[in-house]
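A short worksheet on the structure shown next.
Laboratory data are not the source of any read-out in this text; all were calculated from the coordinates shown. Here the structure is a predicted model, which means the values were calculated and not measured. Glycine also receives a Cβ, built like all others from the backbone with ideal geometry; neighbour counts cover every protein chain displayed.
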């Protein structure tokens, strides 16, 4: 007997969710406690990712809506402006950051731990990424 494989899960253009994701103002406030994922500076804005990445569960933006809050990253104001001033995918590639994976990591840590512990773990993850990319801020600048 031949078996059929349900290929719907492998489609490249799955249907977006029918329902809008709920707003997470508590998570956006948490992001303001973290350093910038590009520079390591404090004093950030929550920068939503606009382009879809189905592999990471991001189906893009709906009409006149922002992306789900789980796909926001902490960026200093200058980097947030730069993110919107060019092709967003090219911006993140130029920084060597996979933004959807990082956003899911930060959201998962926030979701799993108490806020003080989550701030520590997320800050450490951001700083590790900066160190790997050779962008760790100098202590002399503090």
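Dividing the mean sequence gap of close Cα pairs (under 8 Å, 6+ apart) by how many residues region 24-134 holds gives a relative contact order of 30 percent. Model label sites at residue 85 and residue 4, defined 7 Å from Cα along the beta-carbon direction, differ in position by 5.4 nm.
So if we plug the beta-carbon distance of residue 41 and residue 93 into 1/(1 + (r/R0)^6) with R0 = 22 Å, what FRET efficiency do we get, rounded to 0.05? Here the calculated transfer efficiency is 0.55. How many nm is it between the label spots at residue 28 and residue 124, if each spot is 7 Å from the Cα in line with the beta carbon? Label-label distance for residue 28 and residue 124, simple model: 2.9 nm.
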